[in-house]
Every structure is written in structure tokens, then in C-alpha cells.
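Shown next, in C-alpha cells, is the structure this report addresses.
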Amino acid sequence: MMTNEKMLFMDLINKIKSKDFSNVRFYIKNTKNLSVNVYEGEREKSTHSLENAYFVEAGKNGKRCCTFFNSLDMGEDVLNQLEISAMSSDEEYNPIPLFDNSQEYSDEFTFIPENEITDMLISAEKTMRTNNKIASVKNCSCNQYIEEIILMDEKGNTMTDSGHNINIAFGVKSAEDNAVEIAWEEKNITDLAKIDVNKFAEETARLASDRLYAEPVKSGKYQVVLRNTAAAELISAYLPIFSALEVQNGMSKLKGKLGKSIAASEINLIEKPFYEKGVANRHFDDEGIAVTEKYLIKNGICQSFLYNRKAALNENCESTGNGFKSGISSNVGISVTNAIFENALGKGFSQEEIFNEMKNGLYVTDLEGVFAGANAVSGNFSLLCKGMIIENGKAAKPFCKVTIAGNFFDLLNDIKLFGNDPMPTSGGNFVESPSLLIGSLAVSGE
């Protein structure tokens, strides 16, 4: 934080305190974006943005008062909004403790130049168009994102954390005769040098072309291989079951399960805040609590729950450093940084080996409406999906308009093989998983 900016904050703090508010705290989020799209061999659009957002909370008559704003020139508006908040608030104020001293964790990432990104995307688009079944490229884009989070107390002490993310997204339409299909693929990474962008483009085009002439399958029970990204997306939908608040409110089936088996003994689920490949790395949470690596599941045993300060106060214990805001104006909830789902034995199999083991079944490449079709309380899910039919260990033909259904807790005990291909979700929470062979799921088709 620049010296002159800090002076503006200190001036605002003094004004707030002069109106009989106390224990002033700021949450500051600064973001930078550089987004590039190409179309038909040329840069179609590029966007540079810089956004600053501020959230302030303070106590008055023992109640919590808060508001948010996007400019330090809005001092009078901030005071007025805090006064309005004071008149309506009925929430007790338990402020974040004062920081002992300022801390700063910097991310030295700088944007890759726009012309380099453009050249990369033009090459990727050309690669996708070399597939003779690709009728059009709907999206070919790259977004670079830098985020800085600053917590500040009324003495001017600050805690600063920062990180970055590079998102590459492709969308293509395949067509042949009267058949039309699409494929949308994304990757979130921290280092562009660690991905072969043209290979990713080629895989996206192949996925779209392989889906042509897809039809539903007959309803029944099937062995199912969840592609790594599909498995990660499903796991992501069930992370709330580890929230201590959900457990306390009876909204998680894990209540009373701490220290007990909830999954096959080969399963680990780990939160890794400092993961090399992670795009959600943090050093402290949005309440100033240090984050730590922890097992949620270890060898199939429910190892720990996730706490913010509120949940910890309910049980007279310590926060686990999982108090995060979903948006600048939201209250602090509970979530994870990077979650890694893995085989505790460290053994993974190739796609060919998994298909040979399954022999006959379904390879699910995409799930639709995961957060709408997955019930985190009961564990039940029913999800539209698409992918390939596997016959005699080989991909035979594509399928679509099929629903797979099951229970997440049953699935955790019915994983037959782990792939050697861990990949993260493309958006939202960072959850990494290998492909998974599931013993049996209910399938509704024709």
C-alpha cells in the first residue's frame, strides 16, 4: 500500500471514530485484468482493467456496522452508510483482533505482453481449424488476472496477500452432414510455460469432432469413468460438507463422523494453500488467520472440518484459517484454497489401462448443472452428462442426453481405479482430481 493511500485510510478512520464508531477494520481487494480474444486470425478484442473495492466494518453500541465502496473520495458517503447500518444492525460485533505488525506476501508475476498472447491464440485458433470437422471457432481467449487482498486495522497495520491466474478458454463447433456438436474447454494455470497451448487447442477440437452423432444410451446400471475435470467438478460441489458451520447447523452428513471412515481407504482429500500448481494460494484468510495444509480425508478417515472465527467461537476452538468472503460486500464464510483429491497409495493408471479394466461402460467427459443437481446435505446427485461409450476397453461412439445419478458418499466407497492424470476444475474452487473409475452408477437414457 502506497504511503499517500494509507494516509487517506487513516484520515477516514479518524472521521469514522469521531462519529462514535470503534474497532474500525478494512478489507481491500485490488484486481488487474488483461483479456485477449482472437477471431479468424486477428485480435478481435483486448481489455485492460484495474478495479479497487473496499469494505469497512466498525462497532457502535456493540453492534456490527458495515458498508462497501469503490473510491477513497467517498468519505462522506461511507459515514452516511455506516450511520444507516448502525440504525438497522442487530448483529453483535466481534472484530478481528488488531495485528501485531504489518505483513506482506508479494506475487512477482507480471502480465505477459499482449502481442505475445495474441500470437499464441492465433496459432491455437489455426490448430483448431486444421480439424476438418470443425465448422467454427466460437471462442479463443486468454485472461490474465492479478489479485491483491489487504486487511487493515484502525492502527494502520496491514496484512497483504497476492496471487495470479491465467485462464485459457476455447470453444468450437463441429459439423458433418446434419450433425452438430460443440466443446468448451478451459484451463486455469499460473505459468504459461507449463502448458502446450496448441496441444490443448488440438484436444478441444478433437473432443468436439468425436461428439458428432451422439445418441442416448439405454437406461440401467453402468460402470462409469469420470474424466479428471468432471470428477474435480463433482468433488467441488461437495466441499461444503466439510464446513464446520454446516456441520453445526445439521446441514452436513458428516456430523458425528470426525475420526471415522467416510471413504475407501485409498482416498486422501487435502487442502494445500501453497500448492505449486494452485491458483487459489493464500498465506492468510480474510480474517487474518494463517492458512495451513490439512487433510480433510486421510486414508478414508474424516480428518478435519473447516472453521472461520464464527464457527470456532461456537465450539470454543481455533479457526483453521478458512474464513473467506465470496464477494466484497459478503460476510466471511467458509471455503478452501486448493483442494487435492488423490490416491493415498500414490498409484495411478493410464486411460488405456482404466478402459481395459472397465471393459464396458461410460466415459463421462462433461457434467452439466453440477451445483444445481448435487445435494450437499443428502449427498444425492442427478446430472446431465455427455461422453463416450466404452466397449471391450475401447471408445466406441459418443453419447448425449444422459443423466447419471448416485450418492456422493457411496461414490467415495466405490472408486475402483485412479487415473495418473490429475487436473483441476476450470473455474470456481480449485479442486484437482485424477480420472476415476466408479463401480456402478444409475444411468437414465432412452
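The values are calculated or read from the model by the stated rules, or taken from the named source; none is laboratory data. Keep in mind the model is a prediction, meaning the values are calculated, not measured. With ideal geometry, Cβ positions are generated from the backbone for all residues, glycine too; neighbour counts draw on all protein chains shown.
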Exercise for the section: Kindly indicate whether PHE170 is part of a strand (DSSP E or B) and farther than 30 Å from ASN14 by Cα. Expected result: yes
Exercise for the section: Run down PHE418, PHE409, PHE399 and say which single residue is among the hydrophobic types (A, V, I, L, M, F, W, C), surrounded by 15 or more Cβ atoms within 10 Å (Cβ to Cβ), more than 20 Å from the chain's Cα centre (by Cα) and not in a strand (DSSP E or B). Expected result: PHE409
Exercise for the section: Starting from residues that are out of contact with any strand residue (DSSP E or B) (no Cβ under 9 Å at 6 or more places or on another chain) and surrounded by fewer than 11 Cβ atoms within 10 Å (Cβ to Cβ), keep the ones in the stretch 45-76 and report whichever is farthest from ILE122 (Cα to Cα). Expected result: GLU76
Fill in the blank from the handout: For TYR295, the lone unmet condition from (1) crowded, with 19+ Cβ neighbours inside 10 Å; (2) farther than 27 Å from ASN101 by Cα; (3) not small (Gly, Ala, Ser) is (1)
Practice task
Inspect all residues belonging to the stretch 344-355 and state whether any of them is hydroxyl-bearing (Ser, Thr, Tyr), touching a residue at least 12 places away in the same chain (Cβ under 8 Å) and part of a loop (DSSP other than H, G, I, E, B).
Solution key: yes
Fill in the blank from the handout: Residues in the stretch 356-381 that are within 22 Å of GLU185 (Cα to Cα) and in a loop (DSSP other than H, G, I, E, B) total 1
Practice task
Filter the stretch 361-393 down to residues that are touching a Phe, Trp or Tyr at 6+ places or on another chain (Cβ under 7 Å) and over 16 Å from ILE235 (Cβ atoms), then give me how many there are.
Solution key: 8
Handout entry: Boolean, GLY379 is of a type outside the set (Val, Ile, Thr) and either touching a Gly at 6+ places or on another chain (Cβ under 7 Å) or surrounded by fewer than 20 Cβ atoms within 10 Å (Cβ to Cβ) (or both)
Key = yes
Handout entry: Filter result for the condition that a residue is basic (Lys, Arg), assigned by TED's automatic domain parsing to the domain that holds ILE354 and within 18 Å of LYS218 (Cβ to Cβ), over LYS394, LYS386
Key = LYS386
Exercise for the section: State whether one or more residues within the stretch 153-164 are of a type in the set (Gly, Ala, Ser), modelled with pLDDT of 95 or more, surrounded by fewer than 20 Cβ atoms within 10 Å (Cβ to Cβ) and closer than 20 Å to SER49 by Cβ. Expected result: yes
Practice task
Please find, within the stretch 26-36, the residue that is farthest from THR160 (Cα to Cα) out of those that are under 23 Å from the mean Cα position of the chain (by Cα) and not basic (Lys, Arg).
Solution key: VAL36
Problem - Of all residues in the stretch 256-286 being among the acidic types (Asp, Glu) and farther than 20 Å from LEU151 by Cα, the one that is surrounded by the fewest Cβ atoms within 10 Å (Cβ to Cβ) - result: GLU276
